[in-house]
Amino acid sequence: MGNDIIKIENIKKYFKEILVLNDVSLKIQRSNVVVICGPSGCGKSTLLRCLNGLEDLSSGDIFINDKSILDKKNLREIRLELGMVFQQFNLFPHKTVLENIILSPIINLGINKDEAIVIGRKLLERVGILQKENEFPSSLSGGQQQRVAIARGLAMQPKIMMFDEPTSALDPEMIKEVLDVMIELTHDGMTMIVVTHEMGFAKEVADKIVMMDEGRIIEENEPNEFFNNPQNDRTKHFLSKILN
Amino acid sequence: MDYTFHFEVLESYWTWLAKGLWITIYISIISMFLALIIGLIVSICRLSKINILVIFSQSYIEIFRGIPLFVFIIWLYYGLAMVSGINFEPVTAGIICLSMQHGGYLAEIYRAGIQAVSRGQWEASFSLGFSIINTFARIIFPQAVKIIIPPTANMFIGLFKDSALVSIIGVNELMRQSQIATSLTFRPFEFYTVTALIYIVLTLCLSQIAKFLELKMSNK
């Protein structure tokens, strides 16, 4: 067993006849932060969704902690190891903020309720919204909802956190509060995969940046090289657009 | 033309109508309850990805929603007995027909409600490790219920009035009791007017209950 916590091997994904992921391979090391970027429709979100089985693979294989996702028996275990944060937050609207966080640990990890509440409150404090614990998600701002969603993912004590454009649905003034929480997470050694257009964030915390286009990985590099010396023309073009 | 109402005839038939009302309520409540269960099962089949269940549920909905209740009742009560020798009590036959037909209506109401809950809710729940059953029971259905309540209440009101059709196989529910009373007294307008009023009052109660539930759910 190497240090690679995620191994993606030659995966392809079709939606009907459309090829969305075209022979993608990628290895991610423990405690690394990998940022995936690329134009919309390039397959980056689909790649994340394949990792925790929200989408089935058309071919290829993915190993999370050496467990193959093709084996349906592994799916639940893999999902427990992978936390996921969505662009649209997807909090449960009929549950309070605290209930959103403790529901899954109680049911899926078998933690008793009192203990779950203690853990939940700690996480809410960490993301800075403990005072909202008894409110419903609809009364929170987008930034606050996204921070609750991060806390909800963390409550499952995952080994890996995935973020699917976590700030794309937010008003500009709320982006920072969410990125701050994510940056803090990287300091704790969490393995993170982040699909985002926030290049400032990528520069600051990424160990590796992956550029995708038309279902392929076209460039994969550490941030310095990626920004200062991009190899691929399309990467150059993308960067020139997004950085100005 | 002038017609003088003689509502005083009702006095001697009051308990008679009350007995019919009781049977109407009894049939309606049991049928509603069964329709809720049938509707849920059929809609889950409809939304499942298992082919045979989808075909079963689609056929169920098309057949039992399409068949006129009148024909269904006659067929089940007389027809089935002739063909197979299976004999139902009239009340039982009525309940089966009402709940099966309205179960078909409800299945479509449920389906719309469940599909109205965003795909992201399923995905968030799966990502947290919930099984499909837990996802449905704890995350999706509670949200769908809120959407389902108003059309379901509407359907229950329909079921309640449809229950009058059970009179054709001799169940002495409210409608039939007032028909008999009419034929004994020759005072149709008195009895039918009062019967209509009773239906309206009970319908009002149903819609008030629905309003209350709706309000209670929307506080969440």
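In table form, for the structure just shown:
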| read-out | value |
| --- | --- |
| Unmet criterion (only one of (1) more than 14 Å from every other protein chain (Cβ to nearest Cβ); (2) assigned to a helix (DSSP H, G or I); (3) touching a Leu at 6+ places or on another chain (Cβ under 8 Å)) for residue B:86 | (2) |
| Filter result (in contact (Cβ under 8 Å) with a residue 24 or more places away in the chain and either part of a helix (DSSP H, G or I) or open to solvent by 70 Å² or more (accessible area, probe 1.4 Å) (or both)) within the stretch A:30-41 | A:30 |
| Helices (runs of 4 or more DSSP H) completely within the stretch B:105-220 that count 1 or more residues being of a type in the set (Val, Ile, Thr) and touching a Phe, Trp or Tyr at 6+ places or on another chain (Cβ under 8 Å) | B:141-162, B:174-185, B:188-218 |
| The stretch A:61-76, residues that are in contact (Cβ under 8 Å) with a residue 24 or more places away in the chain, under 18 Å from residue A:109 (Cβ atoms) and of a type outside the set (A, V, I, L, M) | A:65 |
| Qualifying helices (runs of 4 or more DSSP H) (wholly inside the stretch A:131-214; at least 2 residues being touching a Pro at 6+ places or on another chain (Cβ under 8 Å), surrounded by fewer than 23 Cβ atoms within 10 Å (Cβ to Cβ) and touching a residue at least 24 places away in the same chain (Cβ under 8 Å)) | A:199-205 |
| Index of the failed condition, residue A:9 passing every other in (1) within 29 Å of residue A:238 (Cα to Cα); (2) open to solvent by less than 30 Å² (accessible area, probe 1.4 Å) | (2) |
| Filter result for the condition that a residue is within 28 Å of residue A:240 (Cα to Cα) and open to solvent by 60 Å² or more (accessible area, probe 1.4 Å), over A:27, A:16, A:44 | A:27 |
| Filter result for residue A:101 (among the β-branched types (Val, Ile, Thr) and either within 19 Å of residue B:139 (Cβ to Cβ) or in contact with a strand residue (DSSP E or B) (Cβ under 7 Å, 6 or more places away or on another chain) (or both)) | yes |
| Selected residue [within 25 Å of residue A:215 (Cα to Cα), aromatic (Phe, Trp, Tyr) and open to solvent by 30 Å² or more (accessible area, probe 1.4 Å)] from A:86, A:63 | A:63 |
| Those residues of the stretch B:115-137 which are facing chain A (nearest Cβ under 7 Å) and either touching a residue at least 24 places away in the same chain (Cβ under 8 Å) or open to solvent by 50 Å² or more (accessible area, probe 1.4 Å) (or both), in sequence order | none |
| Matching option when the condition is within 14 Å of chain B (Cβ to nearest Cβ), in a loop (DSSP other than H, G, I, E, B) and touching a helix residue (DSSP H, G or I) at 6+ places or on another chain (Cβ under 9 Å), among A:106, A:78, A:101, A:111 | A:111 |
| Among the residues listed as A:123, A:91, the single one being at the interface with chain B (Cβ under 9 Å from one of its Cβ atoms), of a type outside the set (S, T, N, Q), buried (at least 19 other Cβ atoms within 10 Å of the Cβ) and under 14 Å from residue A:149 (Cβ atoms) | A:91 |
| So residue B:166, is it closer than 30 Å to residue B:23 by Cα, in contact (Cβ under 8 Å) with a residue 60 or more places away in the chain and within 14 Å of chain A (Cβ to nearest Cβ) | no |
| Boolean, residue B:146 is in contact with a Ser or Thr (Cβ under 8 Å, 6 or more places away or on another chain), surrounded by fewer than 21 Cβ atoms within 10 Å (Cβ to Cβ) and either at pLDDT below 90 or within 14 Å of another protein chain (Cβ to nearest Cβ) (or both) | yes |
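The values are calculated or read from the model by the stated rules, or taken from the named source; none is laboratory data. Note that the coordinates shown come from a computational prediction; the quantities given were computed from them, not determined experimentally. As a convention, Cβ positions derive from the backbone with ideal geometry for all residues, glycine included, and neighbour counts pool all protein chains shown. All accessible areas refer to the heavy atoms of the entire protein, side chains included, with ligands and DNA or RNA removed. Shrake-Rupley method; radii C 1.70, N 1.55, O 1.52, S 1.80 Å.
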